[in-house]
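Have a look at the structure below, then the notes.
Bear in mind these aren't lab numbers, they're just calculated from the coordinates by the rules spelled out. Everything numeric in this text was worked out from a predicted model, so none of it was measured. Neighbour counts run over all protein chains shown; Cβ positions are idealised from the backbone, glycine included.
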Amino acid sequence: SRQGNLLSGNGMAGLFLNGQGCSNNIVQGNLFGTDISGSARLGNTLAGIVLHRAVGNLIGGTNSQTRNTISGNRESGILLSTNSFENEIAGNYIGVDVSGAKPLGNSLNGISVQVASWNTISGNVLSGNAVYGCEISQGSLGNLLESNLIGTDATGQFAIGNSNSGVRVDSPLNTIGGADTDKGNVVSGNLRHGVF
């Protein structure tokens, strides 16, 4: 378990979870790509967090103590890649500052899912990023994107748009939202499509 760390300004990723043996880790309460105040950019050169062939990890949680702020990085906030599956990305601020009220975007996407399947992305703020809030691409199957604010501040009331679309999907069998009223995403304020 990694809690309360500042992981910023590194020459590669802030945190790299690599390999199928890298499973069941909990990453909570950290700052990735910001200064110690969580309000200014101190980006990692790659993504804030990279999961590569990593399985069953939890990034974030359900309250302010478990939330990570993953903003200001020079690539995406989080990259799920190459057979990373059954990970949960929950309750994080990705592309906004620690208050959830001001843009502090990552230079690519908030979350990039590439050849990674059966992951759950829920309850995050994915806003202010230079390309997409979330991109699901390159053979990524069965991912669930629910209960996120994509293109707004943490209240869901004010626009902090992603510079391209809120969500881009070019792989099959992924789910955006759900039948229950609390499972839908708010996708607003983005500079191109809501979902593309």
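For Gly161, the shell of other residues with beta-carbons less than 11 Å away shows a net charge of 0, using +1 for Lys and Arg and -1 for Asp and Glu. When peptides 154-160, 54-60 are ranked by their average number of other Cβ atoms within 10 Å per residue, the highest-first order is 54-60, 154-160. The simple Förster model, with R0 at 30 Å and r as the Cβ-Cβ distance, assigns Thr155 and Arg74 a FRET efficiency of 0.60. Taking a ≥ b ≥ c as the square roots of the eigenvalues of the alpha-carbon gyration tensor, segment 13-86 is classed oblate because a/c is 1.5 or more while a/b is no larger than b/c. Pull out a ≥ b ≥ c, the square roots of the eigenvalues of the alpha-carbon gyration tensor of the chain, then state rounded if a/c is under 1.5, prolate if not and a/b is larger than b/c, and oblate in the remaining case. It is rounded, given that a/c, with a ≥ b ≥ c, falls under 1.5. Quick check on segment 72-127: take the gyration tensor over C-alpha atoms, sort the square-rooted eigenvalues as a ≥ b ≥ c, and tell me if it's rounded (a/c under 1.5), prolate or oblate. Oblate, because a/c is 1.5 or more while a/b does not exceed b/c. Potential lengthening of the chain between Phe196 and Lys183 amounts to 2.8 nm, from the contour at 0.36 nm per residue minus the alpha-carbon distance. Electrostatic bookkeeping for Glu146 treats Lys and Arg as +1 and Asp and Glu as -1; over the other residues with beta carbon under 14 Å from its beta carbon, the sum is -2.
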